[in-house]
Amino acid sequence: MDHEISLEAFHGLSLNINLDGKRVGFIDAQEDQEVEDGVWVEYVYVMKKYREAGIGTRAVEMALERWRKMGFTSVSLDDVHWREPRDFWEKLGFKGEGKRKTLRL
């Protein structure tokens, strides 16, 4: 059975991640002051019992599409909060040296 993942704006560009109507995480984001038309992702969090199920990946894909439609042209972040950042961010198309990763929308 498929579960419904949805995003709900809660502050600026930040989004709650909902699974079947229940909040299971969030994406903390803001306008990137260093990059014109850019979004800076501070943190992505999914509750531990919901991890490894593709919820975070799908939520970020949905957020990227949302921000693209809002007119943003890039998304950047530091991947310091991730155990295996390459497995997550690189699969989504982010690139960069060191901890800073960027995706052109």
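The values are calculated or read from the model by the stated rules, or taken from the named source; none is laboratory data. Model, not experiment: these values are computed from the prediction. Using ideal geometry, Cβ is built from the backbone for each residue, glycine included, and neighbour counts are taken over all protein chains shown.
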| field | All positions within segment 1-24 that are outside any loop (DSSP other than H, G, I, E, B) and over 11 Å from the mean Cα position of the chain (by Cα) | value | Ile5, Ser6, Glu8, Ala9, Phe10, His11, Asn18, Leu19, Lys22, Arg23, Val24
| field | Which numbered condition Arg58 misses (of (1) more than 28 Å from Asp2 (Cβ to Cβ); (2) in contact with a strand residue (DSSP E or B) (Cβ under 6 Å, 6 or more places away or on another chain); (3) basic (Lys, Arg)) | value | (1)
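Please pick out the residue among Val60, Val39 that is assigned to a strand (DSSP E or B) and surrounded by 13 or more Cβ atoms within 10 Å (Cβ to Cβ).
On the way: Val60 fails: assigned to a strand (DSSP E or B).
Going through Val60, Val39 in turn, the sole match is Val39.
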| message | If I filter segment 61-87 down to residues being farther than 20 Å from Ser6 by Cβ and touching a helix residue (DSSP H, G or I) at 6+ places or on another chain (Cβ under 7 Å), which single residue comes out as modelled with the lowest pLDDT? | response | Trp82
| From the residues in segment 1-13 that are in contact with an Asp or Glu (Cβ under 8 Å, 6 or more places away or on another chain) and within 13 Å of Met70 (Cβ to Cβ), which one is surrounded by the fewest Cβ atoms within 10 Å (Cβ to Cβ)? | Gly12
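Yes or no, residue by residue, for (1) touching a residue at least 24 places away in the same chain (Cβ under 8 Å); (2) among the acidic types (Asp, Glu); (3) part of a loop (DSSP other than H, G, I, E, B); (4) surrounded by fewer than 17 Cβ atoms within 10 Å (Cβ to Cβ):
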site	(1), (2), (3), (4)
Asp28	no, yes, no, yes
Gln33	no, no, yes, yes
Tyr43	yes, no, no, yes
Ala53	no, no, yes, yes
Leu64	yes, no, no, no
Phe72	yes, no, yes, no
Lys101	yes, no, no, no
| remark: Glu42 meets each of (1) under 17 Å from Met62 (Cβ atoms); (2) under 13 Å from the mean Cα position of the chain (by Cα) with one exception, condition (1)
| said: When you check Lys95 against the structure, is it of a type in the set (Lys, Arg) and either surrounded by 16 or more Cβ atoms within 10 Å (Cβ to Cβ) or within 12 Å of the chain's Cα centre (by Cα) (or both), yes or no? | reply: no
